[in-house]
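A quick write-up on the structure given underneath.
The values are calculated or read from the model by the stated rules, or taken from the named source; none is laboratory data. Keep in mind it's a predicted model, so treat the numbers as computed, not measured. A quick note on method: Cβ atoms are made from the backbone with ideal geometry, for glycine too, and the neighbour counts reach across all protein chains shown.
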There are 2 protein chains.
Amino acid sequence: MAAIYDGPIQDLITELGQLPGIGPKSAQRIAFHILSTEKEDVMRLVDALVQVKDRIHFCTTCFNVSEGDTCSICRDPRRDNAVVCVVEDAKDVVAIERTREFRGRYHVLGGCISPVNGMGPDQLHIRELVARLADGSVQEVIIATNPTIEGEATATYLSRLLLPMGLTVSRLASGLPVGGDLEYADEVTLGRAFEGRRALS
Amino acid sequence: MAAIYDGPIQDLITELGQLPGIGPKSAQRIAFHILSTEKEDVMRLVDALVQVKDRIHFCTTCFNVSEGDTCSICRDPRRDNAVVCVVEDAKDVVAIERTREFRGRYHVLGGCISPVNGMGPDQLHIRELVARLADGSVQEVIIATNPTIEGEATATYLSRLLLPMGLTVSRLASGLPVGGDLEYADEVTLGRAFEGRRALS
């Protein structure tokens, strides 16, 4: 959509349109909402943006988001140093933490291998992962990249890199989502569920 | 979704979630995008927000958005004082201006009558419209509220209020959208198209 507003409103629409998932129509709608919102409320949003950029950084060890140099998970002495879970994004750390199933450490890659988007192994924090594994304290690496084509490619790349180091490398199970319906499962997921079937005792 | 992040990230997600059309998942996605965006780019958005709140106000005559006390349309001496087009929102002014069909003045109501949303005539700039029409220089009022139930109710309310003042009151035509397909038109629109049919000469 061409620039149809003048001055500050158009500037705001343009900036909002840069955000993920915000198209020109949404940007326009949000900009007009901002116009008719109390200045105090807008300033709370402005402050939240500034605070995030000023106070939040990436953990120098695992690249999770962090208020200091090292994130709260890397600092926690009760977590298991022998297991590292490799994820694409900091959002995935939060998702896994919510399950309360995992008590090891994390390593955030910062994306996945995707030649289409110009993402190769060098753009990810893979070198730093290998460096972390060098001292031998880690015994298992759980690869928890997304079950997408790119996530699977990244998992394959990582397993080829890590297996020769003598580590146990595992991948999260694929299968039917809990509460899902067999009838509506796509054939790839259903195939994976067969492949990964477990003996009942 | 409960607050699952700490500190500044959760604050940002909460603030983003207040914007129209942004659900909790989008808010989270945008917040993480902001995290990995250059500070300079985020500051451009922050500045755009601040500028809009500092510099944009509502025109004291027509309630359109304006950088000064009076908007550029109300200031323009070439526009026709005898016709006023009444719209719900400032966005509608832009939509009508793009058609280049209308050379009169506007009046922005700031919404439409909608009891469900707590919007009655007193919440809209209707009193100010009546005051503008008092000096007799306006001959026609075009009611361009949306063709929705609320917009129609607002149009009916306004026409009952303005007709006794001896003004010509008109309503935008309803009918088939240009480029549309008769087969896919809903029955109300198609009915309106019949009702409003025009003799060809």
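Restricting to region A:48-69, name every residue that is of a type in the set (Ser, Thr, Tyr), out of contact with any strand residue (DSSP E or B) (no Cβ under 7 Å at 6 or more places or on another chain) and either at the interface with another protein chain (Cβ under 7 Å from one of its Cβ atoms) or free of Cβ contacts under 8 Å to residues at least 40 places away in the same chain (or both).
Residue satisfying the conditions is A:THR60 alone.
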(message) Of everything in region A:1-15, what is surrounded by 20 or more Cβ atoms within 10 Å (Cβ to Cβ) and either at the interface with chain B (Cβ under 7 Å from one of its Cβ atoms) or in contact (Cβ under 8 Å) with a residue 40 or more places away in the chain (or both)? Give them in sequence order.
(response) A:PRO8, A:ILE9, A:ASP11, A:LEU12, A:GLU15
(request) Determine whether region A:153-166 contains at least one residue that is free of Cβ contacts under 8 Å to residues at least 40 places away in the same chain, surrounded by fewer than 16 Cβ atoms within 10 Å (Cβ to Cβ) and within 23 Å of B:ARG29 (Cα to Cα). (result) no
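In region B:176-201, how many residues are farther than 19 Å from B:VAL87 by Cβ and not in a helix (DSSP H, G or I)? Steps first, please.
Within region B:176-201, the subset farther than 19 Å from B:VAL87 by Cβ is B:176, B:178-201.
Now restrict to residues that are not in a helix (DSSP H, G or I): B:176, B:178-181, B:185-186, B:196-201.
Qualifying residue count for the region: 13.
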(message) Here is a check on your reading of the model: is A:LEU35 over 19 Å from B:LEU12 (Cβ atoms), within 7 Å of chain B (Cβ to nearest Cβ), of a type outside the set (Ser, Thr, Tyr) and in contact with a Leu (Cβ under 9 Å, 6 or more places away or on another chain)?
(response) yes
(request) State whether one or more residues within region A:144-163 are assigned to a loop (DSSP other than H, G, I, E, B), of a type in the set (A, V, I, L, M, F, W, C) and at pLDDT below 95. (result) yes
(request) Please specify each residue of region A:91-116 satisfying the condition of being more than 10 Å from every other protein chain (Cβ to nearest Cβ) and out of contact with any helix residue (DSSP H, G or I) (no Cβ under 8 Å at 6 or more places or on another chain). (result) A:ASP92, A:ILE96, A:THR99, A:ARG100, A:GLU101, A:ARG103, A:GLY104, A:PRO115, A:VAL116
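Pick out the one residue from B:GLY196, B:GLY120 that is loosely packed, with under 15 Cβ neighbours inside 10 Å, in contact with a Ser or Thr (Cβ under 7 Å, 6 or more places away or on another chain) and not aliphatic (A, V, I, L, M). Before you say what the answer is, go through the steps one by one.
Details: B:GLY120 fails: in contact with a Ser or Thr (Cβ under 7 Å, 6 or more places away or on another chain).
The unique qualifying residue is B:GLY196.
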(request) For A:GLU38, work out the one condition from (1) out of contact with any strand residue (DSSP E or B) (no Cβ under 9 Å at 6 or more places or on another chain); (2) crowded, with 17+ Cβ neighbours inside 10 Å it doesn't fulfil. (result) (2)
(request) Look through region A:41-69, keep the residues that are loosely packed, with under 15 Cβ neighbours inside 10 Å and in a loop (DSSP other than H, G, I, E, B), and return whichever of them is nearest to the chain's Cα centre (by Cα). (result) A:THR60
(message) So, A:TYR106, is that one closer than 22 Å to B:LEU35 by Cβ, aromatic (Phe, Trp, Tyr) and surrounded by 13 or more Cβ atoms within 10 Å (Cβ to Cβ) or not?
(response) yes
(request) Could you please let me know if B:ILE30 is crowded, with 21+ Cβ neighbours inside 10 Å, outside any loop (DSSP other than H, G, I, E, B), within 12 Å of another protein chain (Cβ to nearest Cβ) and touching a Gly at 6+ places or on another chain (Cβ under 8 Å)? (result) yes
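Could you list, in sequence order, all residues of region B:73-90 that are within 8 Å of chain A (Cβ to nearest Cβ) and either part of a helix (DSSP H, G or I) or in contact (Cβ under 8 Å) with a residue 24 or more places away in the chain (or both)?
The initial filter retains those residues of region B:73-90 that are within 8 Å of chain A (Cβ to nearest Cβ), namely B:89-90.
Listed by number, the list holds a single entry, B:ALA90.
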(request) Tally the residues that are more than 25 Å from A:ILE126 (Cβ to Cβ) and within 26 Å of the chain's Cα centre (by Cα), restricting the search to region A:152-186. (result) 8
